[in-house]
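Here's the structure, in structure tokens; my notes come after.
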Amino acid sequence: MRTPRACPLPPRTLLARYAQAEGFADCYTSEVDGAVSLARFVEAFYTGAVIRLERRLLGWFASRPSTDGEARELAHAERTDFAAWHVEDRTANELLLGDWTGRTRSWLMVMPPEAGGRRTRVYFGSAVVPVTTRTGRVGRGLLFHALLGFHRVYSRVLLGSAVSGLRRLREA
């Protein structure tokens, strides 16, 4: 297992549409041993210890509770709403979620091992949709800029937790 790192957003992904103009999109990646399906990755991501705490906070402060069972249903395309997110788009290897405010997106992708390869590359990214202020200015807002450093660290922590969760699921 490798430490999550920032990387360029792969072109033609579901998240790429939000990297245009005033939008913001980032991307983090890691590798895991063996073949990993999108469903396994999504389940590991949304049932990990770190995101579980975030989900609990969303339940308390935003009245958007969720369970690990619902995370598994999301992973297996059996539900389209989960905690503060809804499925915006899905392919065999990608999942794009929008939050209830319409301001942010979360994205997960797996890139299976190439022929003869032994590692699956997993990706996690986020996007912030620009807003137009009353003055007509388009931007991401002061809060975005204030929290960007935290976001970068937190994204790596979330992906690292998911990679650890994939190991846990494999051993179960």
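The values are calculated or read from the model by the stated rules, or taken from the named source; none is laboratory data. Keep in mind that what you see is a predicted model, and the values were worked out from it rather than measured. When we count neighbours, we look across all protein chains shown, and the Cβ atoms used for this are built from the backbone with ideal geometry, even at glycine.
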**Q.** Conditions (1) touching a strand residue (DSSP E or B) at 6+ places or on another chain (Cβ under 7 Å); (2) part of a loop (DSSP other than H, G, I, E, B); (3) not β-branched (Val, Ile, Thr): number failed by residue 64
**A.** (1)
Q) Which members of the stretch 57-97 meet the condition of being over 23 Å from residue 165 (Cα atoms) and within 16 Å of the chain's Cα centre (by Cα)? A) 88, 89
Q.
Just to confirm my filter: which strands (runs of 3 or more DSSP E) fall fully inside the stretch 94-146 and include at least 2 residues that are modelled with pLDDT of 80 or more and in contact with a His (Cβ under 7 Å, 6 or more places away or on another chain)?
A. 94-99
Q) What number of residues within the stretch 10-61 are of a type outside the set (Lys, Arg), over 30 Å from residue 116 (Cα atoms) and either in contact with a helix residue (DSSP H, G or I) (Cβ under 9 Å, 6 or more places away or on another chain) or surrounded by 15 or more Cβ atoms within 10 Å (Cβ to Cβ) (or both)? A) 12
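Okay, residues lined up against (1) polar (S, T, N, Q); (2) touching a residue at least 60 places away in the same chain (Cβ under 8 Å):
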| position | (1), (2) |
| --- | --- |
| 26 | no, yes |
| 30 | yes, yes |
| 55 | no, no |
| 65 | no, no |
| 68 | no, no |
| 75 | no, no |
| 78 | no, no |
| 83 | no, no |
| 86 | no, no |
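Within the stretch 1-25, take every residue that is in a strand (DSSP E or B) and more than 16 Å from residue 121 (Cβ to Cβ) and give me the one that is farthest from the chain's Cα centre (by Cα).
The selected residue is 24.
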